[in-house]
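> Supplied in structure tokens, the structure appears directly below.
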Amino acid sequence: MKNFICIMCPKGCHLTVDETNDYKVSGHSCNKGVKYGKAEATNPVRVVTSTIRVNGGNSALCSVKTTDGIPKTAVLEAMKTINTIQLQAPVNIGDVAIENLLNTGIDVVTTSEIQTV
């Protein structure tokens with residue numbers, strides 16, 4: 001049995017996932033909890049948010065995020081990769097900073113705009 005607190009809505013249901021019974025989820029108040037509980041027990045993923053250095057801009061850092069969840073076990077390695085990147089101003093929202101992060105098929109995109117100074 002695995003226990004989770006569901007983050008799919010503000011209720012924060014306390015879920016129990018029975019791995020020996022086809023990942024049956026209990027403690028949910030909606031179907032989102034069932035989906036979340038099964039995914040968290042079988043293949044947990046996380047959207048990573050961070051910042052990347054920017055050269056020649058009105059800010060030294062630009063916020064970024066992954067376009068989808070990556071395996072939870074890859075988050076630390078993803079952060080190591082993100083921390084090696086530097087962008088050149090100007091930067092627009094939605095620019096791809098890293099394509100295919102760690103061969104996951106997921107990109108890292110910018111979420112703020114940096115103007116050239």
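The values are calculated or read from the model by the stated rules, or taken from the named source; none is laboratory data. All figures in this text were calculated on a predicted structure; none of them were measured in a lab. Here the Cβ is made from the backbone with ideal geometry for all residues, glycine too, and neighbour counts use every protein chain on show.
> Give me the pairs: first residue in the stretch 55-68 and at positive phi, second residue part of a loop (DSSP other than H, G, I, E, B) and surrounded by fewer than 16 Cβ atoms within 10 Å (Cβ to Cβ), beta-carbon distance under 7 Å, and six or more apart or on different chains, which are they?
These pairs meet every condition: Gly56/Val117.
> OK, next. Kindly indicate whether any position in the stretch 26-33 is more than 20 Å from the chain's Cα centre (by Cα), of a type outside the set (D, E, K, R) and within 17 Å of Thr111 (Cα to Cα). Quick ask: steps written out before the conclusion?
First pass over the stretch 26-33, keeping only residues more than 20 Å from the chain's Cα centre (by Cα): 26-31.
Checking the rest, the ones that are also of a type outside the set (D, E, K, R) come to 26-31.
This time we only want the ones that are within 17 Å of Thr111 (Cα to Cα), so: none.
Checked against the condition, which is being more than 20 Å from the chain's Cα centre (by Cα), of a type outside the set (D, E, K, R) and within 17 Å of Thr111 (Cα to Cα), the stretch 26-33 yields no hits at all.
> Do you know which residues across the stretch 17-37 are of a type in the set (Val, Ile, Thr) and surrounded by 15 or more Cβ atoms within 10 Å (Cβ to Cβ)? Quick ask: steps written out before the conclusion?
First, pick out the residues of the stretch 17-37 that are of a type in the set (Val, Ile, Thr): 17, 20, 25, 34.
Passing the criteria: Val17, Val25, Val34.
> Determine which member of the set Val75, Val64 is over 26 Å from Cys6 (Cβ atoms) and either in a loop (DSSP other than H, G, I, E, B) or not assigned by TED's automatic domain parsing to the domain that holds Met8 (or both). Give the derivation first.
Details: Val75 fails: over 26 Å from Cys6 (Cβ atoms).
Going through Val75, Val64 in turn, the sole match is Val64.
> Inspect the stretch 92-106 for any residue being assigned to a helix (DSSP H, G or I) and either of a type in the set (Val, Ile, Thr) or closer than 21 Å to Phe4 by Cβ (or both) and give the result as yes or no.
Applying the first criterion (assigned to a helix (DSSP H, G or I)) to the stretch 92-106 yields 101-103.
Keeping just the survivors that are either of a type in the set (Val, Ile, Thr) or closer than 21 Å to Phe4 by Cβ (or both) gives none.
No, the conditions are met nowhere in the stretch 92-106.
> Among (1) without any contact (Cβ under 8 Å) to a residue 24 or more places away in the chain; (2) polar (S, T, N, Q); (3) within 13 Å of Ile52 (Cβ to Cβ), which single condition is Gln88 missing?
Failed condition: (1).
> While we're here: Mind listing whichever residues of the stretch 21-50 are part of a loop (DSSP other than H, G, I, E, B), touching a residue at least 12 places away in the same chain (Cβ under 8 Å) and more than 30 Å from Thr81 (Cβ to Cβ)? Talk me through it step by step, then tell me what you get.
Kept after step one, since they are part of a loop (DSSP other than H, G, I, E, B), are these residues of the stretch 21-50: 21-23, 27-30, 43-44, 47-48.
In the following step, the residues that additionally are touching a residue at least 12 places away in the same chain (Cβ under 8 Å) were identified as 23, 27-30, 43-44, 47-48.
Correct list: Tyr23, Gly27, His28, Ser29, Cys30.
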